[in-house]
Amino acid sequence: MIKNGYLTGAVLGVLWSFTMAVTVAVAMSFATGDGFRPGLLGILLAGALCGAAAPRLGRWPTLALGVLLTGLLTLIALPPVVAETMLVSALITVALFGAALGLGMAKIMQQLPTGALTRHEFEGAIIRFLTGFGYVFFTAIVVIPFYVMVMTSLKSQQALLQNPLDFSLDLSRGWDLFRSYRELLTDYGFARYLWTSFYVSVLTVLITLAFSIPGAYAVARLRFRGSALFSRSILLIYMVPMIVLALPIYIGFSMLGLRNTIFGLVLIYPVTTIPVALYMLQGYFRGLPGEVEEAGLMDGLSRLAVIWKITLPLSLPALASVSLYVFMIAWNEFLLAFMLLDDPSKFTLTRGIASLNSSEIPRQHLMAGAVIATVPIMALFLGLERFMTRGLTAGSVKG
């Protein structure tokens, strides 16, 4: 019966070892440029043995056992963990796989008995395995494309032509690794594209907040005829795909002389961001303690003063979240910029990257442009993440 500590560990060890073998092989292939082909028989056997022993061992003994089993099975007659690679790469692969196998099985099989398992214990082990698999799988989905993008941007044209699938890094090139970035910023005008995208995004955030804060506050706090209908219909504009509105916007902007102007972008971008900002802020305003605002009104503050001195300071986490979300929308927007801008001197960053998609421009330049567009918004998100999740309303109302 599978609800046994040894048997459950062996089965989960086989599944986990296969998952880790594929992950480590792909990672080493990308890192070194060599083809890694794991020997499945040895890997599955190591996983079964490590999983069966994990219920009796702690974390570090299981880790040591995983590394030891992988090393032994690599040295004996079983198929090697990796083939046709340098010795150093093979040793690194064995160490990585053994560590991943040992730590994974120690976590999955933690505190399980060696004999019969209860339903709760058995399901807990299965859930821990699926959780670990999910972390590995979805991390790989995110990290691998980004890694390929970065490594391709650091390659030379000759290296790409020799082996397009080699994503290893040639450190002997020195500062010439960043040649694509230097040429983009100097020869292709990407410094100007960066600045244009930045101030267009900042203006979009300011305009969006200027309209969405009073609108969301009115829906959340004030009572007027049609407030419920207005609250429910805020996101109706998001039900209409932007591609449907593209032609009317193009015709209207052409007739008004707003096409191929930065002012036109600043005018149309908030139209796409105000509804979602209204929806997010009105939900947050409803969650704020009304007693604080009532106390301000009783102290003689006007409604606008209450919003400025009480509501907005308490809403800083929500404002940060909305600002970041709106900034990301404006920074990454492509359809409207591609449709309305033809003058290279007025391109946004996404429009400039699209202009690199040509057979005459090396592929590493396109990847470098994608990195330039991705890294700033990623750094901004990581920098504001703690601020966004910090609860400033804690303790604002007693009792």
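The values are calculated or read from the model by the stated rules, or taken from the named source; none is laboratory data. Please read all numbers here as calculations on a predicted model, not as lab measurements. Here the Cβ is made from the backbone with ideal geometry for all residues, glycine too, and neighbour counts use every protein chain on show.
Some observations on this one:
- In the stretch 186-199, of all residues being surrounded by 16 or more Cβ atoms within 10 Å (Cβ to Cβ) and either under 25 Å from the mean Cα position of the chain (by Cα) or without any contact (Cβ under 8 Å) to a residue 24 or more places away in the chain (or both), the one that is nearest to Ala368 (Cα to Cα) corresponds to Phe190.
- When the stretch 110-142 is limited to residues that are touching a Lys or Arg at 6+ places or on another chain (Cβ under 8 Å) and buried (at least 20 other Cβ atoms within 10 Å of the Cβ), the one that is nearest to Ala10 (Cα to Cα) turns out to be Leu117.
- Count of the stretch 90-125 residues, restricted to those that are under 23 Å from Ile43 (Cβ atoms), assigned to a helix (DSSP H, G or I) and in contact (Cβ under 8 Å) with a residue 12 or more places away in the chain, is 19.
- If only residues of the stretch 19-66 that are modelled with pLDDT under 75 and aromatic (Phe, Trp, Tyr) are counted, the one that is surrounded by the fewest Cβ atoms within 10 Å (Cβ to Cβ) is Trp60.
- The residues of the stretch 240-287 that are touching a Gly at 6+ places or on another chain (Cβ under 6 Å) and surrounded by fewer than 20 Cβ atoms within 10 Å (Cβ to Cβ) amount to a single one, Leu258.
- Test result for Tyr188, within 24 Å of Pro376 (Cβ to Cβ), of a type in the set (Ser, Thr, Tyr) and not in a helix (DSSP H, G or I): yes
- Checking every residue in the stretch 373-390 against the condition of being at pLDDT below 90, part of a loop (DSSP other than H, G, I, E, B) and farther than 20 Å from Gly264 by Cα gives at least one match.
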